[in-house]
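Okay, structure first, notes after.
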Amino acid sequence: MYCISIEGEIIHGHHEPNWLEHTAYSTILRSILMEIIRGFFAICIGVSLLYNSSNVEGRNHYHKPKTKSSKNIGSPVSPPPDDVPDPKNHIAPSSPSNPPSIPSDPYPNDPGSNSSDCIFNVMDYGAIGDGSTDDTDAFRKAWKEACGVESGVILAPSGYSFTITSTIFTGPCKPGLVFQVDGCLMPPDGPDSWPEKDSTKQWLVFYRLDGMTLTGEGTIEGNGEKWWDLPCKPHRGPNGSTSKGPCDSPALIRFFMSSNLAVSGLRIQNSPQIHMKFDGCEGVLIEKLSISSPKLSPNTDGIHIENTKTVGIYDSSISNGDDCISIGTGCANVNIDGLTCGPSHGISIGSLGVHNSQACVRNITVRNSVIRESDNGLRIKTWQGGAGCVSDINFENIQMENVRNCMIIDQYYCLSKACLNETSAVYVTGVAYRNIKGTYDVRNPPIHFACSDTVACTDILLSEVELLPEEGELMDDPFCWNAYGSQETVTIPPINCLREGKPESQGEVSSVGC
């Protein structure tokens, strides 16, 4: 047997004549060698292609951890750019029958199973959960751990009641963070139990977060009764008056300077003041919430948003002592669908323009909702002397049940009798009421459009408005002042005070920033 080089020289073996010199053998050997060389190059090319294909960049996949309520967890999409986008380029989330593109589920892939290492049970960090022990430290430790891992879950398990003091949960955190409340979470019981060092303006604050979900099958209990009874609260002072002095009461839950948020499934009740507040946020999905407090609990708005864009609120129930949902300045692209509201003060845009400030609200839609036993229905309220605009407002398929002021635009909003009439106002334009039906409380006309003397409301549209008295006789005197618009159908009661076309002259309208 011989070992030969490519040149055909004998390297190892017996010394014999070089048989490669023979033409036939030489031809055969060259063919064999060429086949070997071709095979070698084919192998090299295959290995190279396989190596390159393994480096193709793919999407990141975030998997839901297997938790008790993970099947209900929803959350928003990728974070917005550093510069806040122009609201005109955003599209509000659509109704649940046509799932929105923003906000949306952050887990577009099939749920996977993460290890239990991603679940940070507060009981493992020293929480007692007996309803009286201060468990704040355990929640802070669990937050710190969960914040540092992808798809981390802070779990407050069922069967326990956790008391924690005013706390700011700060980001940024790894993607997919979930705060899951399956038990009961509550603040100290009233002002006398509130630590002196803690802020009395807010209880739980979520700050600078992106892609967080607050969810669960549990309850967030506000322990608000003792706050409502402070003598500085409306009608709580001597002889039904309001006493002077500090009157801060904490908002229960606040999201601040955050994006791509989801809140779902929880019961939130008896807040000292606002139940849930969003300010400076973008991309908010709220669904299947139950928010409740007594009808006479003061200033207990259900959900308040300000300077917040791209919001979807779906399939939720709110009853409280103030607005079910209040929409402040700087809000755009808000879609509310499937809301049951009341008893309450209804759904409000405003108040806007206080202290001669500029206010801008645009592209707000409320549809397929019920308002019952409420002081107001669909309300837009602004202060005299303000500036800016409210535009592109759509109210559609709303059922009223014994509601005062079913449809109201009030540009003379004032909390006292000392407010003066001023020449500037927030401009209200493009407000549509479609298929608004039901019953009203006869103590007030069901329709009230009181617009500024100098800055008229324009482009008000009425279609299929049918409102009948809950009890008593039909009130056929809706009120309009300096309001312009049109009626697609005959309304009940008839509205003869709405002016057609456009005003001949319009006061100065400031739309900067709107």
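When region 246-270 is limited to residues that are among the charged types (D, E, K, R) and touching a Lys or Arg at 6+ places or on another chain (Cβ under 6 Å), the one that is least open to solvent (accessible area, probe 1.4 Å) turns out to be R254. Count of region 282-304 residues, restricted to those that are under 11 Å from the mean Cα position of the chain (by Cα) and closer than 30 Å to P231 by Cβ, is 2. Residue count for region 136-157 under the criterion of being over 17 Å from Y125 (Cβ atoms) and either buried (at least 19 other Cβ atoms within 10 Å of the Cβ) or of a type in the set (G, A, S) (or both): the result is 1. Taking each residue of region 304-329 that is modelled with pLDDT under 95 and outside any strand (DSSP E or B) and looking for partners that are open to solvent by less than 10 Å² (accessible area, probe 1.4 Å) and among the small types (G, A, S) with beta-carbon atoms closer than 7 Å, six or more apart or interchain, yields nothing. With respect to (1) surrounded by 19 or more Cβ atoms within 10 Å (Cβ to Cβ); (2) more than 30 Å from L296 (Cβ to Cβ); (3) acidic (D, E), the lone exception for E396 is condition (1). Assess whether T219 counts as being surrounded by fewer than 24 Cβ atoms within 10 Å (Cβ to Cβ), touching a helix residue (DSSP H, G or I) at 6+ places or on another chain (Cβ under 7 Å) and modelled with pLDDT of 95 or more. It is false that T219 is surrounded by fewer than 24 Cβ atoms within 10 Å (Cβ to Cβ), touching a helix residue (DSSP H, G or I) at 6+ places or on another chain (Cβ under 7 Å) and modelled with pLDDT of 95 or more. Restricting attention to region 432-462, which residues are under 15 Å from L378 (Cα atoms), part of a strand (DSSP E or B) and in contact with a Phe, Trp or Tyr (Cβ under 8 Å, 6 or more places away or on another chain)? Matches in region 432-462: A432, Y433, R434, I436, I447, H448, F449, A450, I460, L461, L462. Going by the structure shown, is E401 farther than 18 Å from I327 by Cα, open to solvent by 10 Å² or more (accessible area, probe 1.4 Å) and part of a strand (DSSP E or B)? It is true that E401 is farther than 18 Å from I327 by Cα, open to solvent by 10 Å² or more (accessible area, probe 1.4 Å) and part of a strand (DSSP E or B).
Residue count for region 173-193 under the criterion of being in a strand (DSSP E or B), open to solvent by less than 10 Å² (accessible area, probe 1.4 Å) and not aliphatic (A, V, I, L, M): the result is 2. Remark: pairs (first residue in region 278-290, within 19 Å of R267 (Cβ to Cβ); second residue at pLDDT 95 or above and open to solvent by 20 Å² or more (accessible area, probe 1.4 Å); Cβ separation under 6 Å; 6+ apart in sequence or on different chains) = E287/D315; K288/G265; K288/D315; S290/R267; S290/S317. Among the residues of region 494-507, those that are part of a loop (DSSP other than H, G, I, E, B), on the phi < 0 side of the Ramachandran plot and in contact with a strand residue (DSSP E or B) (Cβ under 7 Å, 6 or more places away or on another chain) comprise I495, C497, L498, E500, K502, P503.
The values are calculated or read from the model by the stated rules, or taken from the named source; none is laboratory data. What you see is a predicted model; the values in this text were computed from it and never measured. Neighbour counts are summed over all protein chains in view; Cβ atoms, including those assigned to glycine, are modelled from backbone coordinates with ideal geometry. With ligands, DNA and RNA removed, areas are computed over all heavy atoms of the protein, side chains included. Shrake-Rupley method; radii C 1.70, N 1.55, O 1.52, S 1.80 Å.
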